[in-house]
1. Looking at segment 239-274, which of the residues that are within 22 Å of the chain's Cα centre (by Cα) and among the aromatic types (Phe, Trp, Tyr) is farthest from residue 288 (Cα to Cα)?
2. From 68, 120, 39, grab the single residue that is touching a His at 6+ places or on another chain (Cβ under 8 Å) and under 30 Å from residue 344 (Cα atoms).
3. Can you say whether residue 198 is under 14 Å from residue 156 (Cβ atoms), modelled with pLDDT of 95 or more, in a helix (DSSP H, G or I) and of a type outside the set (Asp, Glu), as far as the supplied structure shows?
4. Which one is surrounded by the most Cβ atoms within 10 Å (Cβ to Cβ) among residues in segment 149-177 that are of a type in the set (Gly, Ala, Ser) and in a helix (DSSP H, G or I)?
5. Report whether or not residue 290 is closer than 30 Å to residue 216 by Cα, polar (S, T, N, Q) and modelled with pLDDT of 95 or more.
6. Inspect segment 123-140 for any residue being on the phi < 0 side of the Ramachandran plot, loosely packed, with under 13 Cβ neighbours inside 10 Å, touching a residue at least 12 places away in the same chain (Cβ under 8 Å) and part of a helix (DSSP H, G or I) and give the result as yes or no.
7. How many residues does segment 364-386 contain that are in a helix (DSSP H, G or I) and more than 21 Å from the chain's Cα centre (by Cα)?
Amino acid sequence: MTGQISGSTKQRLAIVDALRGFSLAGIVIVHMVENYIGGPAPEDAFAATATGIADQLVNVFVFLFLRGKFFALFSFLFGLSFFIQMDSANARGENFASRFAWRLCLLLAIGYLHHLFYRGDILTIYAILGLLLIPFYRIKSDWILALASFLFLGIGRYLVFWINEGPDLLMEGLINPNNPLILSYYELLQNGSLWEVFQSNATSGHLMKLDFQVGIFGRGYLTFAFFLIGLWVGRIKFFRNFKDYREKIWLVFWISLGVFLVGTVLMGVLFSQMGPAVAFDSWKAMFALTAMDLSNLGMTALIVCSFVLLFTHSRLSKFLNAFAAYGRMALTNYVAQSLLGTFIFYGWGLGYLTSIRNSYVFLMALLIIGLQMGFSKVWLKRFYYGPLEWVWRSLTFFRAYPMKRK
């Protein structure tokens, strides 16, 4: 961004960057606790990681407050960033749609390379779904909110289950922990070479990801719904004037708490009625998955509301601003997390897959966050952009932007 920036815009960018950095911190904790497997794991694969009370507490904490929430927060911020870029260009009398589409093509390439290391990559998903987001810039807010609501309520999942007449879409038995594909991939992560991991991720890895995105788990539908909410929040200029929304933020906070509690209870009741081995082959299972999505939606909204309310206090905002540099280098830090995490756990690296206790892995994740936050702060004092951010921006506009600060 060039030119004069008003105080309110600086404040808006600070809170958005800080929130993005905060979401990135949650993502690395989840991925570390999951050992960067990026898919289903064999039965009892994680037995050695939860041998004590502290390990069990980490599992509960991650399930209730992190898993399924911070990817949502990251997706929400992607939709917000889309609106900011489109709206800034529109204010200059430019049409940014084609440039944004090219920007997504570049993101797809970066994501593809990242996916070779870690098949849980979200960049390729963002690139593809981002193309569908472009037409919504000019669609009325009522339609945007209506579509997002239908997606959150599981309409995509129900259609897939009804049309497909079962849970299997692209890969049969994907949710079965004893599926030979799951067992062989786990074995590959334990003992395979880096090239063998690349080969698997470049083939079956994409099918598994696609099934997870558009099948009954519906991660892609939820991601796009959060894109739309981010777009709408940008449209009402919430982060530019967030201090003026204090009463409404509290209202959303209490509504979100209710959604979280109702969704969590309903999810627990429905899943408990299906026994320990859920087959995901019934409508009750589909409703249970939607209840889980609503629980995650409620907690995600609670996190956003809490973050913004805390940011309205000057002392607390200084603490939360520590995440801003981390968020400004989100692409670089996200990819670096995966490279480091897969090196720690996969056989081509240190080979600690599912052998380190959760409590220790949680501390390792906090260490990674601290190191990346410190590195980002030092880097951005000397340079305008993170390494991957600079490459992405320069290729987007076909010019080499200045990198080093004077």
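1. 239
2. Values: 68 fails: touching a His at 6+ places or on another chain (Cβ under 8 Å); 39 fails: touching a His at 6+ places or on another chain (Cβ under 8 Å).
One residue alone meets the criteria, 120.
3. So residue 198 fails the test.
4. So the first thing to find is which residues in segment 149-177 are of a type in the set (Gly, Ala, Ser), and the list is 149, 154, 156, 166, 173.
Subset that is in a helix (DSSP H, G or I): 149, 156.
Details: 149: 13, 156: 21.
Among those residues, the one meeting the criterion is 156.
5. yes
6. The initial filter retains those residues of segment 123-140 that are on the phi < 0 side of the Ramachandran plot, namely 123-140.
Pick out the ones that are also loosely packed, with under 13 Cβ neighbours inside 10 Å and you get 132, 135, 138-140.
Remaining after also requiring touching a residue at least 12 places away in the same chain (Cβ under 8 Å): 132.
Restricting the remaining residues to those that are part of a helix (DSSP H, G or I) gives 132.
Yes, some residue in segment 123-140 is on the phi < 0 side of the Ramachandran plot, loosely packed, with under 13 Cβ neighbours inside 10 Å, touching a residue at least 12 places away in the same chain (Cβ under 8 Å) and part of a helix (DSSP H, G or I).
7. 8
Condition check ((1) buried (at least 18 other Cβ atoms within 10 Å of the Cβ); (2) of a type in the set (S, T, N, Q); (3) out of contact with any Ser or Thr (no Cβ under 9 Å at 6 or more places or on another chain); (4) farther than 18 Å from residue 292 by Cα) across all residues:
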position	(1), (2), (3), (4)
179	no, yes, yes, yes
186	yes, no, no, yes
199	no, yes, yes, yes
203	no, yes, yes, yes
209	yes, no, no, yes
216	yes, no, yes, no
237	no, no, yes, yes
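The values are calculated or read from the model by the stated rules, or taken from the named source; none is laboratory data. The structure presented is a predicted model; accordingly, all values stated were derived computationally and were not measured. Cβ: placed from backbone, ideal geometry, glycine included. Neighbour counts: every protein chain shown.
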